[in-house]
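S.K.: Here you go, one structure.
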Amino acid sequence: SFWPRMLTATRVHAPSLLQWISLLTAAFLVLPTGYIIYVALTATPAVWTRLWSSRIPERLESTLSLAARVALTTLVLGLPFLGAAQLYARALYALGDMKTPARVAAWLLGFNLVLNLVLVLGTGLGVAALTIATSISAFLNALFLRLRVRTLCAASRGAFPVVATLRIVGAAAAMLGV
């Protein structure tokens, strides 16, 4: 009696458009990887010896060092904004506003995805475009949360929003152990 109910309770649906897109994306990524693995497995030992003695270490070193330099340089620009956004989010939590940090983060996640696509495809900067987009999103996150903290402080403290803001941000910083 259990299994017939289970079988009738589950319906078989045709794959949705999103599932087809996911499948095609996975195939797009897996097929070239499969070809590379096939070529690597069928290469002769002489080819592998030549590659490991000259080309692979050289290419690996230059690629990794360039990627690390670009990523660190551009990401360091956004670190103060990431820290400020975390600080303002804690200040909003202290003020009882739990929704604003989550809403801002959700909107900026979508914005960051679009900005990543625009910068990577439009400028050809690669890894640098990704970190620049993340830094811009972190700046906007800190800015929007700061404006909300100021608004709440001005409403609750009257004529001294700067002092109230500094008090709340200072308390949040103390809680973070900064």
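Please treat every number below as a calculation from the coordinates, not as lab data. Remember, predicted model here, so these are calculated numbers, not experimental data. Neighbour counts run over all protein chains shown; Cβ positions are idealised from the backbone, glycine included.
S.K.: What does the convex hull of the Cα atoms of the chain come to per residue, in Å³, rounded to a whole number? Show your work: numbers first, answer last.
M.R.: Numbers: hull volume 48.2 nm³, N = 178.
Spelled out: Cα convex hull of the chain, divided by residues, is 271 Å³.
S.K.: Kindly point out which whole DSSP H helices in the chain project their C-alpha atoms 27 angstrom or further along the helix axis while averaging a Kyte-Doolittle hydropathy of 0.5 or above.
M.R.: Details: long enough: 17-42 (37 Å, 1.72); 56-94 (53 Å, 0.87); 99-123 (35 Å, 1.26); 127-157 (44 Å, 1.13).
Going by DSSP H runs, the hits are 17-42, 56-94, 99-123, 127-157.
S.K.: Could you compute how fast the range 56-99 diffuses translationally, taking Rh as the Kirkwood radius over C-alpha pairs and applying Stokes-Einstein at 20 °C with viscosity 1.002 mPa s? Give it in µm² per second. Display every interim value, and only then the final one.
M.R.: On the way: Rh = 13.0 Å.
Calculated translational D: 165 µm²/s.
S.K.: Follow-up. About the Cα centre of the chain, what is the dipole size in debye to 20, counting +1 per Lys and Arg Cβ and -1 per Asp and Glu Cβ, all else neutral?
M.R.: Numbers: 14 positive and 3 negative charges, 106 e Å.
It comes to approximately 520 debye.
S.K.: Run lengths n ≥ 4 of DSSP H only: what is the helix-derived mean residue ellipticity at 222 nm for the chain, with -39500 (n - 2.57) per run over all residues, to the nearest 500? Mind showing how you got there, number by number?
M.R.: Numbers: 7 runs with 151 residues, N = 178.
Theoretical 222 nm ellipticity from helices: -29500 deg cm²/dmol.
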